[in-house]
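A short write-up of the structure that comes next.
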Amino acid sequence: MPSFWEKLTVNGTEMDVYASVPDGSGPFPAVVVAQHASGVDKFIQDITDKLAGAGFAAVAPDLFHRITDEMVESTGKSKRDQLSDPLIIDDISATVDFLTGHSSIDSDRIGITGFCMGGRVTWLSAATNSAFKAAVPYYGGNIMVPWGSATQAPFALTSGIKCPMLFHFGEIDENPSQEDMLKLDVELSKYSVPHQFYTYPGANHAFMNPANPQRYQRPAAEMSWPRTLDFFGKHLVGPRAAGNDEPACA
C-alpha cells in the first residue's frame, strides 16, 4: 500500500498533497480527506492510509499552503482563521482534478470526508463540486459562518449538495452542537438530500483523534469508522441506484 507526497499547482501556487493508494492497478474509488486545524498531520495521514487499506485511493490536500508562519506572526491569527472559502473550493477542485486525471482512479466514484474544520470543508465541497458521490463530515463546526472573502456560508449553499451524506456528531460538542445538528437536518431535508446523522453519547469534538487524549473517545471512534467505510462502500463501490434514499436520523 504505497503512500507519497505530491505537489499540485492551484492558481499559480504549489500545494502539497498526501496520497495513499491500495495495492493493485485499479481503477479505484477515491476519497478526499479534508484536514483538521492541525494540518495534514499524523492523524490525517493515518486516516488516508486506513482508507487505502480499505480499498480507496485517498488524498489529503494541505489547505494551509498559502499561509506562512510569518503571516501568523504578523496578523496574530491562526492558519485556520486565515482561510477563505473561495480558495478552499479551488484547492478541493484541484485535488479532484488530480484524481480524475489518473487512469487508476474511477472518476465516477469519488467521495470526501473531513474532521473538525475538515467536516465544514466536506459540507462546502459537496455543495460546490458535483464530482462527489458521498460525503462524510466528522464534527464539522462553523458551517453556518462564511470564511474569508465568502459572502455565503456553506449552510446557505446546501441546495448544491447532490450526494448522500453521513454526519458524525459528539453529544457534548458545542460546535457543532445538538441544536446545530437539528438545523442541519432540517436544511438537508428541505433539499431532499439523503442523509444519516449519528450522535455518540458522551463524545466531544475531535473524538476520533487519539493524539488528543482529552477529547478522544474510543467507543465513538470505533463505532463511527466502520459506519464511514460501509457508507463509502455502498455509494462508491456497491451498486448505486439513482435516487437511492438514506433515512435521516439523530
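Odds and ends about this structure:
- The count of lysine pairs in region 24-168 whose Cα atoms are under 21 Å apart, excluding pairs fewer than 8 places apart on the same chain, comes to 4.
- For the chain, averaging the sequence separation of C-alpha pairs within contact (under 8 Å, six or more residues apart) and dividing by the residue count gives a relative contact order of 15 percent.
- Between Phe28 and Ile105, Asp106, the built amide H atoms are under 5 Å apart, and every one of these is 5 or more places off in sequence or on another chain.
- Fluctuation leader among Tyr191, Tyr18, Tyr138 - the chain, Gaussian network, Cα springs under 10 angstrom: Tyr191
- Centre separation in Å (Cα based) which lies between region 201-223 and region 122-179: 20
- Projected over every direction and averaged, the convex hull enclosing the alpha-carbon atoms of region 3-237 yields 12.0 nm².
- Residue-by-residue Karplus 3J(HN,Hα) for region 48-53, coefficients 6.51, -1.76, 1.60, Hz, glycine and proline x: 4, 5, 5, 5, 5, x
- Under 17 Å of direct C-alpha separation, and excluding same-chain neighbours fewer than eight residues apart, Lys183 reaches these aspartates and glutamates: Glu171, Asp173, Glu174.
- Here the Gaussian network model covers the chain, with springs between Cα atoms less than 10 Å apart; of Phe56, Phe232, Phe98, Phe98 fluctuates the most.
Taken together, the values in this text are just the output of simple stated rules run on the coordinates, not laboratory data. Bear in mind that the values here come from a model prediction, so they are computed numbers and not experimental data.
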